[in-house]
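Worksheet: the structure to be examined is printed underneath.
The values are calculated or read from the model by the stated rules, or taken from the named source; none is laboratory data. A quick note: this is a predicted structure, and the numbers were derived from the prediction, not measured. Because the Cβ atoms are built from the backbone with ideal geometry, glycine has one as well, and the counts that use them run over all protein chains shown. Note: areas computed on protein heavy atoms with side chains; ligands, DNA, RNA excluded. Shrake-Rupley method; radii C 1.70, N 1.55, O 1.52, S 1.80 Å.
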Amino acid sequence: MSTTPAPALTIAEEIDALTDPSFMTSLARGLAVVRAFSDSRRPLTIAQISQKTGIPRAAVRRCLYTLKQLGYVDAELNNFSLRPKVLTLGYSYLSSTPLTVSAQPCLNNITRQLNESCSLAVLDDTEILYISRSAAGRVMSVALNTGSRLPAYCTSLGRVMLAHLPDAELDDYFARIKLRAMTEKTIVSQKRLRDILIEIREAGFALIDEELEVGLRSIAVPVRGASGTVLAALNVGAQASRVSRRQMEEEFLPVLLRGAQELQVLLP
């Protein structure tokens, strides 16, 4: 088995590769333009969005014009930014999913017990999507909130969920992801990651040691539905200088496992 991932397609190439006659390319491009703002804290130009997505500038311009007319985007000269109305696109999911509605008390209880931040996430394409969070303090340089996204391969939440994917879905994941080092400790070997995922599936938890960010250590467990399928993951993150791996396994893990059992009753 080759361990070299295939070159990642641009968003535009992924869209253009879909030949279903019912597929709306214009809608897909519009959504891609909205997502282009997800990792930017400053306004973007048409050229920057085109470069990030691979969508031609003319198409980006039309998407932004439409989004501006609908109230989702604001523009100042040639700089574009999202408006608060864009939050309504995700609110329907967050407000209608039983897990997101009912999980917060469980996460808050874990945070009170451990005095550490606790998060709940689902796997969305190649990333994890935070759907609920209880913060005890700032442990990362990047602020995490509901709706935040991070790469799955170098997070404890992501690895727990990847470990339980069917083989075909995991192969597809590795075919589409570009593994890059976030820190000196980040594992970017596909073969090594596959071995680790097998270990995680057998152990029932994932522990990440400064692979996402220097100084951050986290541990995660799967959250299963009634059928036993892993639908989400629950984790706790802490400063590596303050919490050891052993402490995470001996003190944090039992609390997380109890929390995962509580959340299981909320899932179909």
> So, of the residues in segment 57-74 that are within 15 Å of Ala36 (Cα to Cα) and in contact with a helix residue (DSSP H, G or I) (Cβ under 6 Å, 6 or more places away or on another chain), which turns out to be surrounded by the fewest Cβ atoms within 10 Å (Cβ to Cβ)?
Replying inline: Arg57
>> Tell me yes or no: at least one residue of segment 31-44 is of a type in the set (S, T, N, Q), at pLDDT below 90, open to solvent by 50 Å² or more (accessible area, probe 1.4 Å) and touching a strand residue (DSSP E or B) at 6+ places or on another chain (Cβ under 7 Å).
In response: yes
>> Being of a type outside the set (Lys, Arg), in a helix (DSSP H, G or I) and surrounded by 13 or more Cβ atoms within 10 Å (Cβ to Cβ) is the filter here; which residues of segment 150-170 pass it?
In response: Ser156, Leu157, Gly158, Val160, Met161, Leu162, Leu170
